[in-house]
1. Could you tell me whether residue 13 is over 25 Å from residue 174 (Cα atoms), crowded, with 18+ Cβ neighbours inside 10 Å and either out of contact with any strand residue (DSSP E or B) (no Cβ under 7 Å at 6 or more places or on another chain) or in contact (Cβ under 8 Å) with a residue 24 or more places away in the chain (or both)?
2. Somewhere in the range 212-234, is a residue touching a helix residue (DSSP H, G or I) at 6+ places or on another chain (Cβ under 9 Å) and modelled with pLDDT under 80?
3. Quick check on the range 277-309: of everything there that is in a helix (DSSP H, G or I) and more than 27 Å from the chain's Cα centre (by Cα), which residue is modelled with the lowest pLDDT?
4. Criterion first (in contact with a strand residue (DSSP E or B) (Cβ under 7 Å, 6 or more places away or on another chain), closer than 15 Å to residue 149 by Cβ and crowded, with 17+ Cβ neighbours inside 10 Å) does residue 177 satisfy it?
5. Within the group 85, 55, which residue is touching a residue at least 40 places away in the same chain (Cβ under 8 Å), in a loop (DSSP other than H, G, I, E, B) and within 19 Å of the chain's Cα centre (by Cα)?
6. Take the conditions part of a loop (DSSP other than H, G, I, E, B) and either surrounded by fewer than 19 Cβ atoms within 10 Å (Cβ to Cβ) or under 14 Å from the mean Cα position of the chain (by Cα) (or both) and apply them to residue 171. Does it pass?
7. Go through (1) within 24 Å of residue 157 (Cβ to Cβ); (2) touching a helix residue (DSSP H, G or I) at 6+ places or on another chain (Cβ under 9 Å); (3) at pLDDT below 85 one by one and return the number of the condition residue 270 breaks.
8. Output the residue which, of all residues in the range 180-194 that are out of contact with any strand residue (DSSP E or B) (no Cβ under 6 Å at 6 or more places or on another chain) and in contact (Cβ under 8 Å) with a residue 60 or more places away in the chain, is surrounded by the fewest Cβ atoms within 10 Å (Cβ to Cβ).
């Protein structure tokens, strides 16, 4: 290399070499890095735990066990197509002081989170008049419902006992723009269910209660997306206050907007069915024999509406993603820079480099 101060960091994992590209972020327990597989050019996330432990205490976390033994298994039904980031494995690494830490390798998810998406859009209209130019494509809302429900159904059915996420919030639903053969990225994201650090089963509550609490979260994200798209008098109420099927407020149409009329109708139908599930079984809050609801009907209906609304997605280039990633969908920032949505180093524009990686 021409610059004598330039350093490259190379990691070995299961017979392959990975070169460090940049630091993706820091959490309380780990540093996340973007690395590139030398043999294929594939970009992955490398997570390095910050805790240095005695060998007896450096054990496989629950998340790794769930990913390897259960969540990576094929779904029980062909109608279920779960989207869960791929886990490539982990290793224990010994530090110079004799202590050990864990390093794991994961699929790179390149589009931020639903939280990023909603907050960027919602904050832009929350205190202003309705702006028809700042809207979520109707198909995007149906797609989110379809894909997240499909992943939840996989959790509930892949093992003899239902698995519960237990930390489901919009920051743990990740958007991924799949690359095509020519290197361009899709205009519409897939919605991945991530971060299973608190996941498991047998938490002392009935499975129906645990599952409907997760479904409540998903429906609230859909409600916020719908609210952004509609004037205040047409927005669905908060806290699951759903008009009855014969209520004029529920059966009305949104003039000139058939896609949002269809989405709003689907939202109200799902909320009504969810309320019935809670009324029927929710009071047995500690009855372990009460299974989680079957989401197959929710999945099929959301998927059918998503396909029906496909033309309405034209021009999906939203500010929410662009503001986070600093560049547009379908573009990369050069080899080794990550794809899109793991944000650049805050100091990069000033010519400064990322901090040294954890090993």
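1. In short, yes.
2. no
3. Just the residues of the range 277-309 that are in a helix (DSSP H, G or I), to begin with: 277-281, 296-308.
Among the residues that remain, those that are also more than 27 Å from the chain's Cα centre (by Cα) are: 279-281.
Numbers: 279: 74, 280: 67, 281: 59.
If we take residues in the range 277-309 being in a helix (DSSP H, G or I) and more than 27 Å from the chain's Cα centre (by Cα), then 281 is modelled with the lowest pLDDT.
4. The answer is no for residue 177.
5. Working: 55 fails: within 19 Å of the chain's Cα centre (by Cα).
The unique qualifying residue is 85.
6. On the way: part of a loop (DSSP other than H, G, I, E, B): no; either surrounded by fewer than 19 Cβ atoms within 10 Å (Cβ to Cβ) or under 14 Å from the mean Cα position of the chain (by Cα) (or both): yes.
So residue 171 does not fit the description; no.
7. Against the list (1) within 24 Å of residue 157 (Cβ to Cβ); (2) touching a helix residue (DSSP H, G or I) at 6+ places or on another chain (Cβ under 9 Å); (3) at pLDDT below 85, residue 270 comes up short only on (3).
8. Among those that are out of contact with any strand residue (DSSP E or B) (no Cβ under 6 Å at 6 or more places or on another chain) and in contact (Cβ under 8 Å) with a residue 60 or more places away in the chain, it is 183.
The values are calculated or read from the model by the stated rules, or taken from the named source; none is laboratory data. Values in this document were obtained by computation on a predicted structure and should not be read as measured data. Note that we place each Cβ from the backbone using ideal geometry, even for glycine, and neighbour counts take in every protein chain shown.
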